[in-house]
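Student: Following this message is one structure expressed as structure tokens.
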Amino acid sequence: MKNEVLIRSGAVASASASDGRTRDRVAQLLLERGAATAAELGAELGLGSAAIRKHLDAMLADGLVETREVRNRGPRGRGRPAKAFALTASARENLNPHHYDGIATAALRWIALRSGPEAVSEFAATQVAALEERCRQAMCEAGDDPIKRAEALAEALTAEGYAASATTIASGGQLCQHSCPVAHVAAEFPQLCDAETEVISRLIGTHVQRLATIAHGDGVCTTHIPGPARKAPTVRTDT
């Protein structure tokens, strides 16, 4: 009887550890992607619908993920709209703890109080200068195409802890950063985001536009990279 209890206890502990590893993988995927549906997560992890739902329900109950409605770009079919899952702010914090946020925020408040917001902007530009140089070196073979440079920049930023990705869209390209090491500080001092956007623009070699930031409560920092201007079609007129 004692051995049977020990065997059952061991099986429960093993199952619990396996569940924990799977949920860690789900959390990492959501950190990298920003948001994903249950079907997308299941396909990536090789899990069936029921299995992935079990993990997501547990993570919802623990406050690790939240749901968002997926935008349907095509004709709307019957049934409920698809739901995407994203990490909550507290879950992202646990995956990327920011131990020095309090000190950094206090320091920037002191700078702003003593020297004004312009000094904060100057400080922010100085702080991202080293990041810009490291990324520039990593992009030395990317060529001149803005989209190719964005892809190279995404790899460089990922190495810096930003979990970045670059995709091509109809209007050009999109650079997404699924993690931000300074999000908590930037929520109060947007000059940090502004300085980073200027760095992205210089590194890619074209004007870019920030569409969303984690610091302002969005799930992902999204930067739009416009594609090359298209020539207007030639209009022939009869004389």
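The values are calculated or read from the model by the stated rules, or taken from the named source; none is laboratory data. Keep in mind that this is a model prediction, so the values were computed, not measured. Cβ: placed from backbone, ideal geometry, glycine included. Neighbour counts: every protein chain shown. Surface areas here come from the heavy atoms of the whole protein model, side chains and all, with no ligands, DNA or RNA. Shrake-Rupley method; radii C 1.70, N 1.55, O 1.52, S 1.80 Å.
Student: For LEU211, LEU30, LEU95, give me the order by solvent-accessible area with a 1.4 Å probe, most accessible first, ignoring ligands, DNA and RNA.
Tutor: From most exposed to least exposed: LEU211, LEU95, LEU30.
Student: Search the structure for amide H atoms under 5 Å from the amide H of THR213, placed 1.01 Å from N in the peptide plane, and list their residues when 5 or more places away or on another chain.
Tutor: ASP218, THR222
Student: Bin width 5 Å, origin at 0, all Cα-Cα pairs of the range 83-211: what percent of pairs per bin?
Tutor: Each 5 Å bin holds this share of Cα pairs: 2, 10, 18, 21, 18, 15, 10, 5, 1, 0.
Student: Which of SER201, ALA91, CYS180 sits closest to the plus end of the dipole of the range 88-202, meaning its Cα is farthest towards the positive end, when Lys and Arg get +1 and Asp and Glu get -1 on the C-beta?
Tutor: ALA91
Student: Oh, and also: Would you calculate the separation in nanometres between label points at SER90 and ASP144, each defined as 7 Å from the Cα along the Cα-to-beta-carbon direction?
Tutor: The modelled label-to-label distance comes out at 5.2 nm.
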